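Enquirer: Dumping the structure here so I can ask a few things about it.
The values are calculated or read from the model by the stated rules, or taken from the named source; none is laboratory data. Being a predicted model, the structure only gives us computed values, none of them experimental. Cβ placement follows ideal geometry from the backbone for every residue including glycine, while neighbour counts extend to all protein chains displayed.
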Amino acid sequence: MPQEKAHQSKPSLATALGNGNASEPSDPATSPDPSLELTTLRDILFGQAQQQMQQRLAEIEKTMLEKFDAVQRAIDKQFSDLQKKIEQTSQHHESQLAASNSSHEDAEASLREYADKLASDIEMTDTNSRQEADEIHKRIEQELQSLTDTYDKKFVETLAKLDSVTKELSSSKTDRKTLANLLATMAVNLETDQ
C-alpha cells in the first residue's frame, strides 16, 4: 500500500514541477510557487514517515495506558482485599469484646497491632505500586525520546540532502523532468530504508 501512494504521488509531483520541457519559456504568472513545490515535496518524501511515527507514538501511548490501567486495577484489588480483611477482623474482635469484657484491653491491643500491620502492608503495597508505575513511565518516556531523536535526526539529514541536491540541480540548470525523477527516486529509497 505505501508503494501505491508513492506511485500515485508521481503525477502530482510532475504536475507541481511542470511538464519538464526546459525549452518552453515559463510564464511567471502561471509558474508554481517555490514554497508550494517545497511543501509538496516534503509531503511526498516525509508523509509516510510522519504517519508511521504518529502510529508508533499512538501504540506507545496505548501500551502505557494499558499498563497504568493494570497497575491501578492491581492496587484497587489489593486495597479492597485489605479493607475486607480489616472489616472481617474488626467484626471478629467486636464479637469477642461483647462476649468477654474481661479481655477487653487485650483485644484492643491486638486490634491496634493488627491495624498497624495492615497500615504497614498498605503503605508497602502503595510504595511498590508507585515505584512500578514510575519505572514504567520512565521507560516509556525514554523510548519516546529515543524515537523522537531518531526521527528528528533522519529528518534533518534528509532535508540537508534534499537542499544539497536541490542546489546542485539548480546550479547545473537541470531540467524539471530530471529533478522530478531524482526526487521520486529519493522518495522510493527513503521508503525502502524504513
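Enquirer: Just wondering, is there one or more residues in segment 102-112 that are farther than 30 Å from A49 by Cα, surrounded by 10 or more Cβ atoms within 10 Å (Cβ to Cβ), more than 37 Å from the chain's Cα centre (by Cα) and modelled with pLDDT of 85 or more?
Expert: yes
Enquirer: Let me ask something additional. Given the criteria part of a helix (DSSP H, G or I), in contact with a helix residue (DSSP H, G or I) (Cβ under 9 Å, 6 or more places away or on another chain) and not acidic (D, E), does T192 qualify?
Expert: So T192 fails the test.
Enquirer: To continue, here is another question. Of all residues in segment 138-159, count the ones that are within 15 Å of Q51 (Cα to Cα) and among the aliphatic types (A, V, I, L, M).
Expert: So the answer is 1.
Enquirer: Same structure again: Considering only segment 136-150, how many residues are within 14 Å of L65 (Cα to Cα) and loosely packed, with under 12 Cβ neighbours inside 10 Å?
Expert: Looking only at that region, the number is 1.
Enquirer: Can you confirm whether segment 148-162 contains a residue that is more than 16 Å from P34 (Cβ to Cβ), modelled with pLDDT of 85 or more, in a helix (DSSP H, G or I) and of a type in the set (S, T, N, Q)?
Expert: The answer is yes, given that some residue of segment 148-162 is more than 16 Å from P34 (Cβ to Cβ), modelled with pLDDT of 85 or more, in a helix (DSSP H, G or I) and of a type in the set (S, T, N, Q).
Enquirer: When you scan segment 120-141, do you find a residue that is outside any helix (DSSP H, G or I) and farther than 30 Å from V188 by Cβ, even just one?
Expert: no
Per-residue answers, yes or no, for (1) more than 20 Å from the chain's Cα centre (by Cα); (2) modelled with pLDDT under 85:
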position	(1), (2)
T40	yes, yes
F46	no, yes
A49	no, yes
A58	no, no
L65	no, no
D81	yes, no
I86	yes, no
